[in-house]
Amino acid sequence: MKKLPISELNAFFARVAADQKLYLPVEQAGQVDFGCWTEDATVRLDALKTVKSAKGAFFPQVEDMLRFHTQGKNIDIQPTELMNEKFVIFGVRACDARAFELLDRVFMSEPQDPFYAARREHGTVVTLACGEPEASCFCTNFDIDPADPAGDVTAWLVGENYVLRANTEKGEALIADLADSDDDVSAKQAEIRAIAEKLPFANLNLNGFDGEHLMERFSDPKWAELSRACLGCGTCTFVCPTCQCYDIRDYDTGHGVQRYRCWDSCMYSDFTLMAHGTNRPTQVERFRQRFMHKLVYFPSNNEGIYGCVGCGRCVDKCPQSLNIVKVIKALGVKADD
Amino acid sequence: MQGMILDRVRALMSEGVATRVLGWETGEFPYDRTPKFFNESNLENLKYDSFCGCNLSKYLVNESEKVIALVKPCDSYSLTQLCTEHRVKRENVYALGVACRGKIDVNKIAALGIKGITDVEEDGDTLTVHTLYGDKQVARKDVLLNKCMSCKGKEHKNVDEVIGESEDTSSVERFDMVAELEAMTPDQRFAFWRNELSKCIRCNACRNVCPACTCVKCVFDNPNTGVQNKAAADDFEENMFHIIRAFHVAGRCTDCGECSRVCPQGIPLHLLNRKFIKDIDELYGDYVAGDEADQRHPLINFTKTDCEPSIVHQRGGDKG
C-alpha cells in the first residue's frame, strides 16, 4: 500500500502529467467529465459520476480510421496511427472499471480491434472506491464491489489521505515513488459496503433475463407500453459505460475520404440502416433492442455476464425517466415462475 | 390536487369524453415522472405533484383519437402552438388545465451538494430532502426548474377547463441573462457559448423533446441530405447545430424550457431561443408564441412597419 495526502495530490498529478497524458474528472461549465489534467483544471475527484462514463479513454466518441487521398488516378491509403503513448486515467469508479472488462470482451476478441487494443495497452487505470454511493447506483447486482474496484491501481480516500494499492506491474510503476503506508482500508470498505447494501436498487430480481428465456423476454407485450414515452434521443447510450455500438462513415475532404467511426445509438432511427430499410421501424423495437442486448443477448454470449454495470447514469439522465431498472422490474419474473 | 384531478378525469371518462388520459406516471423515486397515456385500468399510477415538470404537449402529435391531456399553464402555450401549426388536432384533445405552483428540479437539489436523494417531502415553501446520508432542508424557491423561475404566468391558454389555482413563481426577469450576454464583448460571448456548447454529446435530447421540433424526418437524421451529423467534422459543428436549431424554431418557440431541462450536460440552450424572442419583441413588438390559437408569428407575417434588413448591420457585427 502507498499513501498520498490530499495536499500532495496536485504535485503527484504534475509529476505524472510530465511524461504522459493524465485524464481525470474535470469540471467544465458546471458539469464533470473526464478531461485532460492541466494546472488550471478544476479537478473533481469528489464527483461520483462523470456525465459520460470513462469508456471514452479507450473508445472515443469519434476517431479517425483511415485516409484516402486521390491524386489523378492514384489513391493513396493511409491508416491512422495507433495510440503509441502511455496515458493514465485516474478516478475511475468500480462500475466503469468493470465496463472496461465488458468492452474487452467485445473489442479484444478475435478479430481484435487494433485502435481499442492499442489504447488498452498504453493506458493505466487508477480506480477510486465510492465513498458515497448515489441513490441511483446498483452495481452490486452485477457482483461489482464499490469498495474494491479493479484497475491497475485501486485508491481509497481515508481521512486526509488517498491510500493506493497497485494491482498490476503498470500500476506499481505509476505509484512507485509514493510513500509506503500501513493504513488499513478495511474499515472504509465496510462503511461503503454497508451503504451499498441499503441502496434502493440493491436487490433487483434478474431472474429470467438470460438466453434460455430469450423469446419470452423478446415477445413480452409490455415493451410497447415501456417504450411509449421514449424520445428516441441518444442520452442513455452516450452516457452508458458499456454501450459499444459504432458507425463507420466517410467524410469527403475534397481530395479524398476521411474514414472515421463514431458512437452510434440503437435509439436512433437510422441505426444500422441498410439498403432494404430497417428492421427496427419504430421506437418499440429500438427500445427493446437496447435492453435485450444488455440483459439477454450479452449474457447469453458471455457466460451469463450482464451488459450493464449498474452505474445508474441512465437513471439520472433520461429526460423522461425511463431506464433499465424500470425495465428489469417490469419484465422480471419471480424465482418460482 | 391529485385527488381532484383523478375525480375529474374519471368523471370525464364516464361521460364518454375520451377513454385515455395523457399524464405523468409515478416512478422509482418520488421525483422521477414519466409521460404516459393512461386508461381506466391503470389510472391509479397517475401522479400530479411538484415533480411533473416535463411538458406533455408533444406526445399529442400524431394522436388520431380523442385524449384528455393534463396541461400546466406553460404547457398550454406549446399545445396551442402545436394546434396552430396543425401538428395536433385541437378537436382530438380535451385540454384539462391543472394548477401549478412551480416544479422542482432534483438536479438543483443535488447541485446544492446533497447526495443520495431518496425522497423529497414538501411542506409549504420548505422541502425536506431524505437522503442516504441523512435529512436536509432546502427552500422550495431555490430548487425550482429554471423555466419556473421565469414563469409564464398562472393563466392557461386555450384549454377546456382548469382545476385549481396556479401561482406565478417568477423570481428572475426572463431576459436578464440574455441582456447580460448582449452586454458582453463578442469575444466574451463567444467564449461563454464555446464553453457551454463544447460539452454537447450530440444526444439530440433537446431536439427530440422540443414541441417546436416536429419535422417527420429531421434534416440531421436523413442520410440523403449530406448534412447528417453523427460526428462533427470540426469542433464547431455541434455549436452550429444548436444555433441552426434555434433559428428553425424562432417565432414558434414558446420558451417552454424543455431543451435545457433535458440536456444531460446542463447547457442553457433556452438562452439561444430567448435571444430570438427578445429580438422579435424589440423589432416587431411584443409577441408570445402559443398565446392565442392560429396566430401568425412576426417572422412569417409581413407588415409595412417591419424593420428593414439593414437592422442586422445596425445592431450586429462588431457592435456586438
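The values are calculated or read from the model by the stated rules, or taken from the named source; none is laboratory data. Please read all numbers here as calculations on a predicted model, not as lab measurements. Please note: Cβ atoms are built from the backbone with ideal geometry, for glycine as well, and neighbour counts cover all protein chains shown. Surface areas here come from the heavy atoms of the whole protein model, side chains and all, with no ligands, DNA or RNA. Shrake-Rupley method; radii C 1.70, N 1.55, O 1.52, S 1.80 Å.
Values computed for the structure shown
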item	result
Distance-filtered residues of region B:1-42 - backbone nitrogen under 15 Å, label point 7 angstrom along residue B:66 Cα→Cβ	B:9-22
Rounded to whole Hz, the Karplus (6.51, -1.76, 1.60) HN-Hα couplings of region A:285-302, x for glycine and proline	5, 5, 4, 4, 4, 4, 7, 4, 4, 6, 9, 10, 5, 4, x, 6, 9, 9
Nearest-10 value in Å² for the accessible area of residue A:19, using the 1.4 Å probe	110
Chain lengthening between residue B:41 and residue B:126 when straightened (0.36 nm per residue, less Cα-Cα)	27.1 nm
Chain pair A, B: total accessible area buried, heavy atoms, 1.4 Å probe, Å²	3700
For the protein assembly as shown, alpha-carbon Rg relative to the globular expectation (2.2 N^0.38 Å, N residues)	1.00
Accessible surface, the protein assembly as shown, averaged per residue in Å² (probe 1.4 Å)	45
Among A:20, A:244, A:283, residue whose mean-square fluctuation peaks in a GNM of chain A (springs only between Cα atoms under 10 Å)	A:20
Members of region B:116-164 that become less accessible by 50 Å² or more once partner protein chains are added (1.4 angstrom probe, chain alone as reference)	B:132, B:133
Simple Cβ-charge dipole of chain B, Lys/Arg +1 and Asp/Glu -1, about Cα centre, in debye nearest 20	680
Alpha-carbon Rg/Rh ratio, for chain A, with Rh computed the Kirkwood way	0.99
Chain B: relative contact order as a whole-number percent, Cα under 8 Å and 6+ apart	16
Leading residue at positive end of dipole, the protein assembly as shown (Cβ point charges), from A:190, A:78, B:111	A:78
Residue B:1-residue A:176 pseudo-label distance in nm [points 7 Å out on the Cα-to-Cβ vector]	6.4
Cα→Cβ-extended label distance, 7 Å offset, between residue A:202 and residue A:104, nm	2.9
Rough spin-label spacing in nm, given labels placed 7 Å along Cα→Cβ, for residue B:170 and residue A:8	5.8
For region A:211-331, diffusion coefficient by Stokes-Einstein and Kirkwood Rh (Cα), 4 °C, 1.567 mPa s, µm²/s	83
Long-range HN-HN contacts of residue B:38 with modeled amide H, under 5 Å	B:21, B:22, B:23
Heavy-atom accessible area, 1.4 Å probe, ligands and nucleic acids excluded: residues of region B:173-219 down by at least 50 Å² from chain alone	B:199, B:201, B:203, B:208
Nonlocal amide H pairs with residue B:120, under 5 Å, H built at 1.01 Å	B:130
Eligible lysines near residue B:89 by straight Cα distance, threshold 17 Å, same-chain separation 8 or greater	B:58, B:66, B:157
Positive-end extreme of charge dipole, the protein assembly as shown - chosen from A:312, B:13, B:201 (charges on Cβ)	B:13
Accessible surface of region A:2-121 [probe 1.4 Å, protein heavy atoms]: carbon and sulfur percent	48
Karplus-derived HN-Hα couplings along region A:314-319 (A = 6.51, B = -1.76, C = 1.60, θ = phi - 60°), whole Hz, x at Gly and Pro	5, 5, 6, 9, 4, x
Convex hull (Cα only) mean projected area of chain B, reported in nm² to one decimal	18.6
For region A:40-176, the fraction of alpha-carbon pairs in successive 5 Å shells from zero, as %	2, 9, 16, 19, 18, 13, 8, 5, 3, 3, 2, 1, 0, 0
Relative contact order of chain A, defined on C-alpha pairs under 8 angstrom at six or more residues apart (%)	20
Heavy-atom accessible area, 1.4 Å probe, ligands and nucleic acids excluded: residues of region B:239-284 down by at least 50 Å² from chain alone	B:264, B:265
Percent antiparallel among DSSP beta bridges (both partners in the protein assembly as shown, rounded to 5)	75
Residues residue A:27 and residue A:64, FRET efficiency given R0 of 35 Å [Cβ-Cβ distance, rounded to 0.05]	0.80
Accessible surface ranking that places the most exposed of A:83, A:1, A:65 first, with a 1.4 angstrom probe	A:1, A:83, A:65
Whole-percent carbon and sulfur share, accessible surface of region A:211-331, 1.4 Å	54
Potential extension, residue A:184-residue A:85 segment - 0.36 nm per residue separation minus Cα distance	32.2 nm
Accessible carbon and sulfur surface of chain B relative to its total accessible area, %, 1.4 Å	50
